[in-house]
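Read through the structure below, which is laid out as structure tokens, and then see the notes.
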Amino acid sequence: MYNSYKLLPLKKVKINNPKCEWLEKNYPGILHLIFMQGIHAGVFASSKIYPFAYKAGYSINFLNKQGKLELDWFWDMRDLKRVRQLFISKAKNNLNFFFKIYRKWENDCQKNINAYEPLEKINYNSFSDKKLYDLYEKLYRLNINQAATGYLADCFLSNGQEDWLTDFIKKQLSKNSEFKNHLETIIITLTAPVIPSYSNLAENALFKIASQIDFKGKNEKIFVTKLKGNKKIWTQIEKHAEHYYWVENNYFAKVLTAEDFAKKIFNEFGSKKFENIQQKLAINFRNKESLLEKINDPWLTNVIRMTEFFTHMQDYRKLALIRLAHYFTLIFSEMAKRTGLTLNHYFNLIEPEMKDVFLNKKIDRKKLDQRIKKSFVYGTAKGYRVFEGSDLKKFVNESLFFSKQKEIKEINGVSACSGKVTGIVKIVKDAHKTNFKKGEILVTNNTTPEFVPLMKKALAVITEQGGITCHAAIVSRELNIPCIIGTKIATRVLHDGNKIEVDADKGIIKIIK
């Protein structure tokens, strides 16, 4: 399955999506991983297993103004709707179709994650070239296995002015006057999380340590020094770091130390009362079960169940990937040393090229240099192609992906948490590389666990993608701050320093100046 993916002929890219109905993801990321996940797994391998899977995936990859690797990923929204409708229609009677797929993913994902444990203490520079390459291929194949199923979960994402799940709930309850007057409360209850995310588990574990600490003193440095002097507490923090050093990875390796987690305790938890996240999720579950029993709509119940498990798939699919990003960074760094290339060169290679470059030393450095600056990659069930340099200009028309933007004074999205505020915009693409200030309005493509400290300081949150069960929606409701998701164009239309009005009651953002 893996070695049969063919290179497509070099010709002009033609895409039948004239209205630019894309689900776009923008984030700091690298060509190698997006090719592996979105194209090799999400399109090619997935289509071999599931005939109904997505037909194509596209990515524009570039070096941004800050000199960091960034990308725009595109799913055809019409394709996602087609797959989503299949799952929803199959769920009308039972969840047999869904759970057969879910159990395959669960098994493949666990095998993927289990493979990471032996890697923690490996000395990569002691490996022969062949052994290093074989390890890379093993990890790549394991990730492809779980991602080929895991990316089906993206069909439950929303992008645009309406959220499909909210609409589905409203439609199912439209004939019952008892529920029609309480729709907002019902939607919040039915879309509340009940399965812990990997960030929930990490936060819960750190809270347990924090709950043992007397939070006296206002100086971070003194606080950390005192913790280091407490052997019992510091040992727990060190063990926590061994387990969760990767938790803030976002497609790039970022290693958190025990000191980082100690600072996290000081800055994020402070003297807060310990919050038992597992208990909170259990309450969500009981409230949801009670409400679903009262509504007594088997189809609605089945769709809600699928959203819970698809959300879990998205979460653990990412867990597998961001942990893999750590090991790939170590492997690629070693490969780079042996071939005279840079880490960025390897980040911009794709798996079908890796053997020739690393083992056979067939290196086209000029092409890789061009790729670092900018590239375009796409794949179908038949094959893939990467464009860079003059080929990029000659064969790819980027306007096929970005609709023409006239002067826009108002942006529409989906309300994830109600409220109305006016404030100053701060665009954030990398949560680790920002000077976000308390009281600013956070605008991003989508939020992930490393955004939570920023969200806690934000006056409101605006995202381009996501559904009512996405990370931004859930966290904003927990923090009770206005949030609008699925705007599609917010980071391209808004700019740092813009003054805007966020009306999350109606899902409208107005640009004041």
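Structure above, values below:
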| quantity | calculated |
| --- | --- |
| Ordering of 126-132, 166-172, 22-28, 362-368 by burial proxy (mean other Cβ atoms within 10 Å per residue, highest first) | 22-28, 166-172, 362-368, 126-132 |
| Share, in percent, of DSSP beta bridges within the chain that are antiparallel, nearest 5 | 80 |
| Set of aspartates and glutamates with alpha-carbon distance to residue 457 below 13 Å, sequence-local pairs under 8 removed | 268, 440 |
| Approximate spin-label separation residue 299-residue 137, in nm, with each point projected 7 Å along Cα-to-Cβ | 4.9 |
| Percent antiparallel among DSSP beta bridges (both partners in segment 410-511, rounded to 5) | 60 |
| Positive dipole terminus of the chain, leading residue within 39, 416, 467 (C-beta point charges) | 39 |
| Theoretical ellipticity at 222 nm over the chain - DSSP helices of four or more residues, -39500 (n - 2.57) apiece, nearest 500 | -14000 deg cm²/dmol |
| Label point at residue 243 placed 7 Å out along Cα→Cβ; residues across segment 187-207 whose backbone nitrogen lies under 16 Å | 196-207 |
| Correct choice for Rg/Rh (Cα atoms, Kirkwood Rh) that was computed from the model, options (i) 1.01; (ii) 1.03; (iii) 0.96 | (iii) |
| Karplus (6.51, -1.76, 1.60) ³J(HN,Hα), θ = phi - 60°, over segment 476-488, in Hz, Gly and Pro reported as x | 5, 5, 5, 8, 6, 10, x, 8, 10, 10, x, 6, 6 |
| Peptides 298-309, 443-454 ordered by average Cβ neighbours within 10 Å, highest first | 443-454, 298-309 |
| Gain in span if fully extended, residue 501 to residue 437, counting 0.36 nm per residue against the direct Cα distance | 21.3 nm |
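Since every read-out is calculated from the coordinates, none of them should be taken as a lab result. From a predicted model like this one, the values you see are computed outputs, not experimental measurements. When we count neighbours, we look across all protein chains shown, and the Cβ atoms used for this are built from the backbone with ideal geometry, even at glycine.
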